[in-house]
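Participant: Sharing a structure below in structure tokens format, with a few things to ask.
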Amino acid sequence: MTSSVTHFEIYGEEPAKLAEFYKTLLGWQIEKALGVDYWRIDTGAAVSKAIGGGLLVRPIPGPRSWVHYVHVESLDQTIERIVELGGGVVRPKSAVPKAAWYAVVTDPEGNIFAIWQADPLAMPLPEPEV
């Protein structure tokens, strides 16, 4: 299977204001998801081959750019291969509950992208008891 770009995310300190910026600038449909601080972005994928995305509070100090997500068959194997090839891990494997596993990684030049493995059973690990 070819690893295709699945979606993008835009990070910001004030995502609601940023949503208004992109709505006004590009005419995107952006709606806040129920129960979470995540805004779904519809770029017009229903009428073209465009991909959609999301907008959320910046989960890591960087990057100051959009992050593109690439679908992979195995997140763990892909992380291992990225490190073997000289890349790195910015945000380790994390769960999007009942949707997928993802990690934010870098190529050998420090360019950031994310990898995404769909999994309807994905759940965050419980916090260790202190």
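The values are calculated or read from the model by the stated rules, or taken from the named source; none is laboratory data. Because the structure is a prediction, the values reported are computed rather than measured. So basically every Cβ, Gly included, is an ideal-geometry build from the backbone, and we count neighbours across all protein chains shown. What goes into the accessible areas is simple: the full protein's heavy atoms, side chains included, and nothing from ligands, DNA or RNA. Shrake-Rupley method; radii C 1.70, N 1.55, O 1.52, S 1.80 Å.
Every residue, every condition in (1) in contact with a Phe, Trp or Tyr (Cβ under 9 Å, 6 or more places away or on another chain); (2) among the basic types (K, R); (3) within 25 Å of P124 (Cα to Cα), yes or no:
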| residue | (1), (2), (3) |
| --- | --- |
| E20 | no, no, no |
| K23 | no, yes, no |
| D37 | no, no, yes |
| G53 | yes, no, yes |
| P59 | yes, no, yes |
| I82 | no, no, yes |
| K93 | yes, yes, yes |
| A103 | yes, no, yes |
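Participant: Of all the strands (runs of 3 or more DSSP E) wholly in region 15-115, which have at least 3 residues that are modelled with pLDDT of 90 or more?
Facilitator: On the way: elements: 29-32, 38-42, 53-57, 66-71, 88-96, 100-106.
The strands (runs of 3 or more DSSP E) meeting that bar are 29-32, 38-42, 88-96, 100-106.
Participant: Looking at (1) surrounded by fewer than 13 Cβ atoms within 10 Å (Cβ to Cβ); (2) of a type in the set (A, V, I, L, M, F, W, C); (3) touching an Asp or Glu at 6+ places or on another chain (Cβ under 9 Å); (4) modelled with pLDDT of 90 or more, which is the only condition M123 fails?
Facilitator: Of the numbered conditions (1) surrounded by fewer than 13 Cβ atoms within 10 Å (Cβ to Cβ); (2) of a type in the set (A, V, I, L, M, F, W, C); (3) touching an Asp or Glu at 6+ places or on another chain (Cβ under 9 Å); (4) modelled with pLDDT of 90 or more, the odd one out for M123 is (3).
Participant: Among the candidates A100, A50, which residue alone is among the aliphatic types (A, V, I, L, M), closer than 16 Å to V5 by Cα and crowded, with 16+ Cβ neighbours inside 10 Å? Reasoning before the result, please.
Facilitator: Details: A50 fails: crowded, with 16+ Cβ neighbours inside 10 Å.
Answer to the check: A100.
Participant: Just to be sure, is W39 in contact (Cβ under 8 Å) with a residue 12 or more places away in the chain, open to solvent by 40 Å² or more (accessible area, probe 1.4 Å) and among the aromatic types (F, W, Y)?
Facilitator: Criteria not met by W39.
Participant: Note down all Cβ pairs under 6 Å where the first residue falls in region 83-98 and is under 23 Å from V36 (Cα atoms), the second is in a loop (DSSP other than H, G, I, E, B) and at pLDDT 90 or above, and they're at least six residues apart or on different chains.
Facilitator: Within 6 Å, the pairs are A95/A122; A95/M123; P97/M123; K98/P120.
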